[in-house]
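Data block below; observations after.
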Amino acid sequence: MKDVAMQLAREAGELIVAGRKGGVQIADTKSSSVDIVTAVDKASEELLYSRLAELRPGDGFLGEEGRSRESSTGVTWVVDPIDGTVNFYYDIPHYAVSIAAVTGEPVAGSWQVEVGVVYNPVTQEMFSAERGTGAYLGDRKLEITSPPPLELALVGTGFAYSAAMRREQSRLMHEILPQIRDLRRMGTASLDLAAVAAGRLDVYFERTLNAWDHAAGELLVTEAGGVIAGLGQQPPGREGIFAGHPALVSQLQALVSLHNGEVLLRDIPGWGLDS
Ligand code: LIP
């Protein structure tokens, strides 16, 4: 399955790079006016959907742009055809095809991720992992080593597409930023998780992500020796996801909790919509 994921990530990557060269238009918006989708997002998902039907008949599919298929094999492919769409639209070379194969219910916190591939088609960096066999950048095995103290940690995060949620997220970051080395908001969750696995970030925290944003990246982190955790008592997912060395994750969780960052989404009016 990992070989299939890597092959299809490259195929989708070629389509994406070609589409970028041809100029990109916004095809539609989703949860808000800044939550965009391009024709290339949709074309990439169509390619991945049809190729997986061909190579992995009976497997399920859950894609960001709406393609879905029930699984009759117990395996579901959770796919973000272009993660970092805003970067793609602005021609910022930091976006990825994110492909995960999961077993069990294809729901964050319930699934078991078997294979994860995150591919940046511009840099051609291929991050890959298969459960139990390690995480790799190309042929280089990735290992999360002993972390710095939180005050010297480089922290990755991201922000929602809703103004109301961004008010809460910026409030929390206002408290956290003076207590860490620095913050990086690079715009692509799957590459943020890959960065943690590769030691390019020390720890990562984001809220309101969708399953396809983090399914593959989760496995990169855990196969590199890190942990994935949720917000408060929640499983990792929409409410929040932390990733990194266990000592740093628990320190960051404590800091988020100290600054009232565990308010549930249902208690943040307009968190999912532009308001
Ligand atoms: C994006 C994530 C990013 C997050 C953005 C958006 P998309 O995914 O990769 O980390 O901060 O709000 O969710 O929409 O480009 O697939």
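What the table below lists for this structure:
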item	result
In Hz, Karplus ³J(HN,Hα) per residue of region 206-219 (6.51, -1.76, 1.60; θ = phi - 60°; x = Gly, Pro)	8, 10, 6, 5, 8, 3, 6, 6, 10, 4, 5, x, 3, 5
Most mobile of A100, A194, A43 in a GNM of the chain (Cα contacts under 10 Å)	A43
Under Karplus coefficients 6.51, -1.76 and 1.60, residue-wise ³J(HN,Hα) of region 200-205 in Hz, glycine/proline x	8, 10, 7, 7, 9, 8
Between 0 and 90°, nearest 10: helix 2-21 axis offset from the chain longest Cα axis	90
Rounded to whole Hz, the Karplus (6.51, -1.76, 1.60) HN-Hα couplings of region 124-129, x for glycine and proline	6, 7, 10, 9, 8, 7
Candidates E175, E206, E54: whichever shows maximal mean-square fluctuation once the chain is modelled as a Gaussian network with Cα springs under 10 Å	E54
By average C-beta atoms within 10 angstrom, highest first, the peptides 112-121, 155-164	112-121, 155-164
Inter-label distance, nm, simple model (7 Å from Cα along the C-beta direction), E143/I92	3.4
Built amide H within the under 5 Å cut-off of E206, gap 5+	I241
Sequence-distant lysines (8 or more away, or on other chains) whose Cα lies within less than 20 Å of K21	K42
Label point distance in nm, R171-T29, each placed 7 Å from Cα along Cα→Cβ	2.4
Relative contact order (%) - the chain, alpha-carbon pairs under 8 angstrom, separation at least six	18
Debye intensity ratio in log₁₀ form over the Cα atoms of the chain, taken at each q of 0.08, 0.09, 0.13, 0.16 Å⁻¹	-0.29, -0.37, -0.81, -1.25
Neighbourhood charge, 11 Å Cβ-Cβ cut-off, centred on R200 and excluding it, Lys, Arg +1 and Asp, Glu -1	-2
Inter-centroid distance (Cα atoms) of region 39-91 relative to region 143-176, Å	28
Potential lengthening between E54 and A39 on full extension [0.36 nm per residue; Cα-Cα distance subtracted]	3.1 nm
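Here, each number is a calculation from the coordinates, and none is a lab measurement. Predicted, not measured: the structure shown is a model, and the values here were computed from it. Cβ coordinates were reconstructed from backbone atoms using ideal geometry, including for glycine residues, and neighbour counts include every protein chain displayed.
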